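Beneath this line is the structure, given in structure tokens, with notes to follow.
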Amino acid sequence: MKFAPLIWAGVWRKPGRAILTLLSIVTAFLLFGLLQGFASGLNQAGSQTRADVLLTFARVSQIEPLPVSQAAQIKSVPGVAAVTPVVLFTGTYRTPLQLVPAFAVDIDQLAAADPDLITPAQIQAMHAHRDGILASSLIAGRYGWKIGDSVPIRSFQWTNRVSGGSTWTLDVVGVHGGAQDDFFKNITLVNYDFIDQARTTSQGTASLFVLRIADPNRASQIGGAVDRLFANSPHETKTATQRQLAQDQLKQIGDIGLVVNEIVAAAFFALLFSVGSVMMQSVRERTPELAVLKTLGFTDGGVMGLVLGEAITLCLFAAAIGLGLAYVTFPGIRALTGFGIRGGPVMGVGLLIAVGLALIVGLPPAIRGMRLSIVEALAGR
């Protein structure tokens with residue numbers, strides 16, 4: 001530690017060059033932290049799903065509507081405890097960046113399918129207000145919604161086609177929560193009948209059905225039985241657990257994840273050359289200084305340690321700034337999008353990568369400094 005001031009002074013020997021190098025490393029590790037945080041959030045979302053909930057979509061496309069009449073047929077399948085149709089009603093509040101994930105549901109059927117989500121008082125409030133909504137605790141906290149507020153929600157064009165425009169003024173009649181793995185935990189709920197009657201197309205249809213089953217161990221058999229009901233019909237279905245669908249989506253994103261990892265790898269590869277060249281240039285410029293240090297009694301290993309220490313200090317300092325910036329943006333991203341981006345092991349892994357980067361770029365100039373001949377260095381050769 002007694003040589004720390006000497007190492008720090010070596011890092012900032014040329015401030016302009018040091019700042020530019022620092023910024024390049026900070027940018028690379030900021031990108032690494034954000035992308036890996038996103039990946040950790042995806043993995044966490046895939047693990048926090050309920051095994052007793054099945055989702056039924058159109059087999060051809062998950063955005064193709066299904067007739068609501070299919071709910072009665074699905075309910076007749078042995079092992080299905082409850083079924084509720086769902087219409088996607090996702091939109092924005094006030095600005096395009098203020099997202100409101102929302103579903104239009106039959107509140108009674110939802111209560112049967114997910115009895116722990118909403119209270120009897122909230123069910124009565126939704127019956128009393130056709131234009132009422134049950135806001136998720138996440139959305140209510142984010143936008144400061146309270147019971148009795150009237151909130152404008154502009155629905156996306158792909159979620160539903162309605163008469164009279166796509167901006168809805170809805171009354172908050174309650175705030176619901178739910179377990180961490182609840183399908184509806186972060187979803188704002190709207191009355192299905194109110195939305196369906198205002199649609200100009202696709203009336204009497206649902207975007208998907210949410211099923212609650214009695215035995216999670218029979219999820220595959222029950223899902224297969226549901227899909228066989230509609231095999232070779234105009235509205236074939238695909239039924240799976242939340243976990244299975246999440247895993248399928250993660251597999252689909254897998255190729256994108258590979259591309260992202262390759263982009264990060266390319267950024268670090270370029271960083272190796274830039275930082276490595278800076279370190280080599282720094283040692284070449286300081287050849288006489290290193291020779292003087294050896295003259296004063298520094299061993300070959302001591303000189304090597306000083307040069308390597310500069311590389312480690314620079315990389316760790318810059319990586320900590322980049323990873324710290326990524327970490328402090330996670331809450332803002334969660335608040336803006338509702339996606340559970342999380343740090344996980346990103347910070348520790350990032351610092352280990354920084355050490356590895358420092359060793360790779362620092363060893364060649366450190367070895368050069370160790371092998372430096374005092375006579376040749378002072379002679380300018």
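The values are calculated or read from the model by the stated rules, or taken from the named source; none is laboratory data. Note that this is a predicted model, so its numbers are computed, not measured. Note that each Cβ is placed from the backbone with ideal geometry, even for glycine, and that neighbours are counted across all protein chains shown.
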Conditions (1) small (Gly, Ala, Ser); (2) at pLDDT 85 or above; (3) exposed (fewer than 14 other Cβ atoms within 10 Å of the Cβ); number of the one not met by residue 61: (2)
Hey, could you check the stretch 271-302 for residues that are hydrophobic (A, V, I, L, M, F, W, C) and under 18 Å from residue 359 (Cβ atoms) and say which is modelled with the lowest pLDDT? 283
From the set of residues in the stretch 176-220 that are at pLDDT below 85 and aromatic (Phe, Trp, Tyr), which is surrounded by the most Cβ atoms within 10 Å (Cβ to Cβ)? 184
Inter-residue pairs, beta-carbon under 6 Å, first closer than 16 Å to residue 235 by Cα and in the stretch 200-215, second of a type in the set (Phe, Trp, Tyr), 6+ apart: 208/57
Return the residues of the stretch 157-175 that are modelled with pLDDT of 70 or more and part of a loop (DSSP other than H, G, I, E, B); say none if nothing qualifies. 166
Let me spell it out: the conditions are (1) among the polar types (S, T, N, Q); (2) modelled with pLDDT under 85; (3) more than 24 Å from the chain's Cα centre (by Cα), and residue 73 meets all of them except one. Which number is the exception? (2)
